[in-house]
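Before any comments, here is the structure.
The values are calculated or read from the model by the stated rules, or taken from the named source; none is laboratory data. Since the structure is predicted, the reported quantities are computational estimates derived from the model, not experimental observations. Every residue, glycine as well, gets a Cβ built from its backbone with ideal geometry; the counts of neighbours run over all protein chains shown. Heavy atoms of the whole protein, side chains included, go into the accessibility calculation; ligands, DNA and RNA do not. Shrake-Rupley method; radii C 1.70, N 1.55, O 1.52, S 1.80 Å.
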Amino acid sequence: SGRSTTFPLPQWRAHDLYRTVYFDEGRGRTVVFVHGLGANATHWELIAPKLAGRCRVAGLDLVGCGWSRKPDMDYRVETLRDHLLDFMERRRIRSATLVGHSLGGAVVTAAALAAPEKVESLALVCPAALGPLPLPLRLAARTLLYRDVAFPFLRHGADFILSSVFVDGAQQNR
């Protein structure tokens with residue numbers, strides 16, 4: 001699942017609609033971390049624990065990611081934004097610095113636009129595009145991102161990159 005086994009902060013499961021898995025440690029000004037597509041809260045392993053001694057740090061597995069529920073639904077940035085804002089409400093986070101990576105950048109930006117009173121500042125780490133995709137790309141994405149279609153291409157692409165870029169021969173990648 002890409003979840004770090006060495007993530008040093010305690011993780012919890014909320015009793016909310018999405019059974020959200022999260023961390024929430026420290027005191028003071030709050031920083032909320034939002035991961036990218038297909039990632040999870042433990043991807044903040046190198047930064048969140050270091051900040052926990054100086055401020056409150058929180059992060060969640062967005063719905064559909066990590067160990068949170070993965071309901072069969074239409075996933076949109078607005079859905080993820082609402083999940084984030086609900087998480088903040090449940091954790092009694094009145095305002096925070098929101099840090100978003102990739103898709104998380106789009107999510108925290110959408111949260112800032114929807115509820116500016118809850119956002120002290122934004123930190124965007126390689127944020128995903130915020131504009132809507134043209135219709136042909138949206139239709140293609142529904143087919144291309146289907147697991148049985150996408151996985152073989154991604155697997156072969158990763159093998160090609162590893163064998164072509166990072167080492168001299170394919171045998172060294174096994």
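Points to keep in mind about this one:
- Cα centroid separation - segment 89-111 against segment 1-68, whole Å: 12 Å
- Length gained on full extension, Arg27 to Thr79: 15.9 nm, using 0.36 nm per residue less the C-alpha separation.
- FRET efficiency for Arg94 and Leu139, using Cβ-Cβ distance with R0 set to 41 Å, rounded to 0.05: 0.50
- Overall form of segment 1-57 per C-alpha gyration tensor (a/c, 1.5; a/b vs b/c): oblate
- Length available on full extension from Asp16 to Asp72: 0.36 nm per residue minus the Cα-Cα distance, which gives 18.5 nm.
- Per residue, segment 15-142 exposes 55 Å² of accessible surface when a 1.4 Å probe is rolled over the protein heavy atoms with every protein chain present.
- Extension gain from Ala115 to Thr6, taking 0.36 nm per residue of separation minus the Cα-Cα distance: 35.9 nm
- Formal net charge of residues neighbouring Ala41 (Cβ-Cβ distance under 12 Å; K, R +1; D, E -1): -2
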